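Quick notes on the structure that follows.
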Amino acid sequence: MLSLIKRYTRWLHTGWPAGGVEALPLVDEHGATRIDGVTIVGDLTGVPLFKLSISSGVQAVHALKDHCAARGQDARTAGKDPVDVCIVGGGIAGMSAAMECDRLGLGYVVLEANQTFATVANFPKRKPIYAYPSDMTPPGELQIRQDHKEELLDDLRAQVEERGIAVTRSNVTHVTDAGDCIAVHREDEEPLYAKTAIIAIGRSGKHRRLDVSGEDSDQVINNLHDPQEYTGQRVLVVGGGDSALETAIAIAEANGQTDAPLVTLSYRRAEFSRPKPENIATIERLADAGRVELALATEVVEIRPDAAVLVDAQGEQRTAPCEQVFTMIGREPPLEFFRRSGLPIRGEFGWRSWVLLALFAGFIGLIYFLKAFGVYPLEAMHPRTWFGWFADLADDRSSLLGTIAWSATKGIRFWITLLYSACVVGFGLDRIRRRKTPYVTWQTWTLILIQVLPLFLLPEIILPWLDANGWLPGVIKQNLFTGYYHAGGELQAYTAYWHAYGLILAWPLLVAIQFSAVPLTWWIVIGILQTFVIIPLLIWRWGKGAYCGWICSCGALAETMGDRHRDKMPHGAVWNRLNMTGQVLLAIAFIAMGLRVISWIWPGTVIGEAFNAINQLFWGPVVDYLLAAVLGISLYFWFSGRVWCRFACPLAALMHIYARFSRFRILADKKRCISCNQCTTVCHQGIDIMNFANKGRHMRDPECVRCSACVAACPTGVLQFGRVDRDGNPAARDRLGASPVLMHERAQGADDPGVAADGDQSPAKGQP
């Protein structure tokens with residue numbers, strides 16, 4: 001049984017990649033930080049591309065230009081005499097910002113602890129330079145014009161010298177808000193004051209460690225300068241990124257053809273997911289030629305003077321002879337710099353965050369407690385006294401205003417639903433304003449209209465108003481908007497306008513209607529059609545997100561109020577296994593529904609009591625109240641808006657099964673992928689999208705809710721929504737533009753690679 005469950009969970013989800021998200025300083029889409037006037041540019045924004053680093057430096061100067069004109073007068077009178085812009089870091093992003101400041105006539109200073117363009121200077125000899133995006137010319141004067149390390153470094157320095165950019169040697173420890181300016185704190189020096197500051201220090205933190213015995217010996221290094229120095233030596237390279245592959249390639253090519261491979265590459269995963277396609281192709285070619293040994297799915301557990309001990313996934317050990325070990329597993333970002341500056345780190349929690357989370361969760365818990373248990377304090381406190389003439393209107397429900405007054409004074413459900421809808425509208429308009437793609441615009445307006453019309457106006461105003469005027473047909477009211485419950489041993493009927501939610505929220509997301517004390521035939525038919533016919537068809541063509549991202553009210557709040565927080569979702573294999581919580585709840589929903597049906601057939605038996613126990617002791621308080629309402633909403637600002645949708649929603653769990661048979665994919669153009677991990681970072685479902693993209697595999701993880709964040713965040717236009725044919729080949733792409741890069745290319749008349757537009761009858765390019 002346990003083996004069967006493992007196979008099922010692996011088939012459903014846990015077999016997909018589970019990459020992580022690197023901890024970086026928290027910035028907005030323009031690199032702005034919590035300190036007004038301080039902007040982060042370059043590699044620390046999450047995109048390790050020279051051209052985009054140049055662009056970010058130039059754009060930061062333009063964004064801060066108005067700050068320079070508005071700030072600093074009070075500081076000058078206080079004797080601080082701030083410079084317009086202080087640029088911390090003399091790399092590509094920092095120097096592009098300095099050249100733009102010089103061009104605009106802004107006062108600036110560049111502070112650099114080491115040498116200019118240190119990242120490029122530390123590259124191995126003759127390292128090839130991939131200047132992605134290849135067809136992009138970044139704004140500003142600094143340009144990437146060479147394709148190898150030495151020529152590029154000379155050319156960059158020549159461009160800076162030609163412009164006359166001066167660099168001050170200084171080790172900056174942190175920056176702080178000095179009220180009327182920015183204080184730039186330097187080691188063993190007085191602070192320097194600036195109206196604005198641009199942080200361009202790159203990933204200059206400490207090298208990551210293996211934490212194994214022997215790692216501190218002289219034979220272990222983490223940087224390759226000249227591969228010729230290691231000709232004829234046995235070398236172990238540890239890592240699976242571009243740096244590791246390029247190190248192994250350089251040393252292997254320096255050795256030429258040998259009788260046995262002198263270079264061993266150890267990587268903890270079974271396949272490469274991060275490096276550029278060119279590097280993967282080269283290392284595989286060298287491995288096939290017997291010049292590199294690939295020790296995939298292995299980890300180093302000990303380093304000895306003449307060998308390293310590796311252990312594989314099965315726990316078996318082997319030794320890899322080596323005289324030199326390169327640990328090319330990356331650097332830790334300089335997070336202490338930002339902590340000292342009081343700037344938050346993505347994913348980190350301080351005590352203030354936990355206190356605010358607890359308070360917000362308490363607030364959400366209170367209002368949903370009042371809703372769930374029918375408590376309405378205003379009604380007990382004589383609402384006519386509090387609402388005056390407005391409450392009097394409730395006596396006449398035949399008028400529209402009277403119906404609104406009646407709903408508003410009858411129960412707290414009206415106000416909670418109104419607040420929920422207002423949040424969807426307000427945050428939705430903010431999302432449309434910021435995202436600016438046709439896909440986001442259409443999706444958000446659809447979510448807003450569904451939330452406002454059938455999920456608020458219909459049950460709270462329209463249906464009561466029609467009913468009060470006798471305009472609601474009796475057969476409709478009897479079969480759709482009448483509920484039943486047992487009280488005192490008697491069956492009680494009541495008018496249930498809230499059943500209108502069931503027109504949108506399908507079973508088992510909304511189970512209360514089908515769990516009625518008596519079988520509601522119309523709703524049973526509607527539920528079957530929704531859950532087992534309409535939704536599967538939608539998912540087959542457009543993926544799970546056709547419902548979860550365009551219709552569902554949970555998704556409406558997640559995509560609007562949770563939009564600014566989507567990069568906070570936890571990633572990794574452990575969290576992917578937690579996704580199976582929804583499958584457990586789905587099974588319980590089926591069991592409870594089965595018990596309810598049996599209790600209808602044989603009423604008064606122990607079966608009915610078993611159903612009541614599940615419904616009243618577990619489903620209501622735990623699933624509906626604690627998981628869906630309290631945790632699902634209160635965690636929005638701390639763990640992304642999709643916590644409920646990803647981990648616990650039983651309808652989503654059912655849709656995951658449907659999605660395994662869907663034709664929907666996020667299509668990936670492997671040639672464009674630079675392995676920047678931006679797509680994975682912004683996925684609030686925890687999908688390792690980059691692991692698909694940089695292999696050219698079309699993303700088919702059933703967790704996807706079609707939000708378009710990964711498509712929009714990709715800086716090179718790798719991703720787009722589409723469908724595949726029966727053989728898994730791209731067959732069509734979505735018409736709605738979701739990628740700013742591809743939208744720009746289409747506007748310029750560039751051909752769209754690979755597939756026809758969704759709905760076109762023409763075959764995809766390259767297809768028969």
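The values are calculated or read from the model by the stated rules, or taken from the named source; none is laboratory data. For clarity, every value in this text was computed on a predicted model and none was experimentally measured. Please note: Cβ atoms are built from the backbone with ideal geometry, for glycine as well, and neighbour counts cover all protein chains shown. Side chains are part of the model used for accessible areas, which takes the heavy atoms of the whole protein and leaves out ligands, DNA and RNA. Shrake-Rupley method; radii C 1.70, N 1.55, O 1.52, S 1.80 Å.
Of all residues in the stretch 409-427, which are basic (Lys, Arg) and farther than 10 Å from Lys371 by Cα?
Here is the first cut: in the stretch 409-427, the residues basic (Lys, Arg) are 410, 413.
Lys410, the sole residue that qualifies.
Just for the stretch 16-46: of the residues that are farther than 19 Å from Pro570 by Cβ and out of contact with any Ser or Thr (no Cβ under 8 Å at 6 or more places or on another chain), which one is least open to solvent (accessible area, probe 1.4 Å)?
Step one: list which residues in the stretch 16-46 are farther than 19 Å from Pro570 by Cβ, which gives 27-45.
Restricting the remaining residues to those that are out of contact with any Ser or Thr (no Cβ under 8 Å at 6 or more places or on another chain) gives 28-29, 34, 36, 44.
On the way: Asp28: 65, Glu29: 113, Arg34: 173, Asp36: 87, Leu44: 2 Å².
Among residues in the stretch 16-46 that are farther than 19 Å from Pro570 by Cβ and out of contact with any Ser or Thr (no Cβ under 8 Å at 6 or more places or on another chain), the one least open to solvent (accessible area, probe 1.4 Å) is Leu44.
Checking Val85 against (1) part of a loop (DSSP other than H, G, I, E, B); (2) crowded, with 23+ Cβ neighbours inside 10 Å; (3) touching a Lys or Arg at 6+ places or on another chain (Cβ under 9 Å), only one condition comes out false. Which one?
Among (1) part of a loop (DSSP other than H, G, I, E, B); (2) crowded, with 23+ Cβ neighbours inside 10 Å; (3) touching a Lys or Arg at 6+ places or on another chain (Cβ under 9 Å), Val85 violates only (1).
(1) more than 30 Å from Glu609 (Cα to Cα); (2) in contact (Cβ under 8 Å) with a residue 24 or more places away in the chain; (3) of a type in the set (Phe, Trp, Tyr): which one isn't true of Trp445, the others all being true?
(2)
Among the residues of the stretch 233-258, write down those that are open to solvent by 50 Å² or more (accessible area, probe 1.4 Å), more than 29 Å from Gln314 (Cβ to Cβ) and modelled with pLDDT under 90.
Result: Gln257, single match.
Looking at the stretch 585-599, which of the residues that are open to solvent by less than 50 Å² (accessible area, probe 1.4 Å) and touching a Gly at 6+ places or on another chain (Cβ under 9 Å) is farthest from Phe647 (Cα to Cα)?
Here the answer is Ser599.
Yes/no per residue for (1) within 24 Å of the chain's Cα centre (by Cα); (2) among the hydrophobic types (A, V, I, L, M, F, W, C):
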{"position": "Leu537", "(1), (2)": "no, yes"}
{"position": "His571", "(1), (2)": "yes, no"}
{"position": "Met580", "(1), (2)": "yes, yes"}
{"position": "Ile598", "(1), (2)": "no, yes"}
{"position": "Gly632", "(1), (2)": "yes, no"}
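Could you tell me whether the stretch 617-634 includes any residue that is over 29 Å from Tyr484 (Cα atoms), at pLDDT below 90 and among the hydrophobic types (A, V, I, L, M, F, W, C)?
No.
Quick one: count up the residues across the stretch 253-310 that are of a type in the set (D, E, K, R) and touching a helix residue (DSSP H, G or I) at 6+ places or on another chain (Cβ under 8 Å).
Of all residues in the stretch 253-310, those of a type in the set (D, E, K, R) come to 253, 259, 268-269, 271, 274, 276, 278, 284-285, 288, 291, 293, 299, 302, 304, 306.
Next cut, touching a helix residue (DSSP H, G or I) at 6+ places or on another chain (Cβ under 8 Å) only: 253, 274, 276, 291, 293.
Of the residues in that region, 5 qualify.
Could you list, in sequence order, all residues of the stretch 401-444 that are in contact with a Gly (Cβ under 9 Å, 6 or more places away or on another chain), more than 29 Å from Asp467 (Cα to Cα) and assigned to a helix (DSSP H, G or I)?
Phe427, Pro438, Tyr439, Gln443, Thr444
Is at least one residue of the stretch 110-127 at pLDDT below 95, in a helix (DSSP H, G or I), open to solvent by less than 10 Å² (accessible area, probe 1.4 Å) and in contact with a helix residue (DSSP H, G or I) (Cβ under 6 Å, 6 or more places away or on another chain)? It would help to see each step written out before you state the result.
If we filter the stretch 110-127 for residues that are at pLDDT below 95, which is where we start, we get 112-127.
Keeping just the survivors that are in a helix (DSSP H, G or I) gives 118-121.
Checking the rest, the ones that are also open to solvent by less than 10 Å² (accessible area, probe 1.4 Å) come to 120.
Those still in the list that are in contact with a helix residue (DSSP H, G or I) (Cβ under 6 Å, 6 or more places away or on another chain) too: 120.
Checked against the condition, which is being at pLDDT below 95, in a helix (DSSP H, G or I), open to solvent by less than 10 Å² (accessible area, probe 1.4 Å) and in contact with a helix residue (DSSP H, G or I) (Cβ under 6 Å, 6 or more places away or on another chain), the stretch 110-127 yields at least one hit.
Hey, Met1 hits all of (1) under 30 Å from Gly582 (Cα atoms); (2) under 18 Å from the mean Cα position of the chain (by Cα) but one; which does it fall short on?
(2)
Identify the single condition in (1) surrounded by 13 or more Cβ atoms within 10 Å (Cβ to Cβ); (2) in contact with a Lys or Arg (Cβ under 9 Å, 6 or more places away or on another chain); (3) closer than 24 Å to Tyr130 by Cα that Thr282 does not satisfy, given that it satisfies every other one.
Only one criterion is unmet by Thr282, namely (2).
Could you tell me whether the stretch 533-542 includes any residue that is assigned to a helix (DSSP H, G or I), open to solvent by 20 Å² or more (accessible area, probe 1.4 Å) and in contact with a strand residue (DSSP E or B) (Cβ under 6 Å, 6 or more places away or on another chain)? First the steps, then the outcome.
Restricting attention to the stretch 533-542, the residues satisfying the condition of being assigned to a helix (DSSP H, G or I) are 533-542.
Still in the running and open to solvent by 20 Å² or more (accessible area, probe 1.4 Å): 533-534, 536-538, 540-542.
If we keep only those that are in contact with a strand residue (DSSP E or B) (Cβ under 6 Å, 6 or more places away or on another chain) as well, we get 542.
For the stretch 533-542, residues assigned to a helix (DSSP H, G or I), open to solvent by 20 Å² or more (accessible area, probe 1.4 Å) and in contact with a strand residue (DSSP E or B) (Cβ under 6 Å, 6 or more places away or on another chain): present.
For (1) closer than 30 Å to Arg541 by Cβ; (2) outside any helix (DSSP H, G or I); (3) open to solvent by 30 Å² or more (accessible area, probe 1.4 Å); (4) among the hydrophobic types (A, V, I, L, M, F, W, C), each residue gets a yes or a no:
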{"position": "Ile607", "(1), (2), (3), (4)": "no, no, yes, yes"}
{"position": "Ala610", "(1), (2), (3), (4)": "no, no, yes, yes"}
{"position": "Ala613", "(1), (2), (3), (4)": "no, no, yes, yes"}
{"position": "Met655", "(1), (2), (3), (4)": "yes, no, no, yes"}
{"position": "Ser662", "(1), (2), (3), (4)": "yes, yes, no, no"}
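Would you please list the contacts, defined by Cβ atoms under 8 Å and residues six or more apart or on different chains, that run from a residue in the stretch 276-297 that is of a type in the set (Lys, Arg) to a residue that is surrounded by 21 or more Cβ atoms within 10 Å (Cβ to Cβ) and part of a strand (DSSP E or B)?
Arg291/Val263
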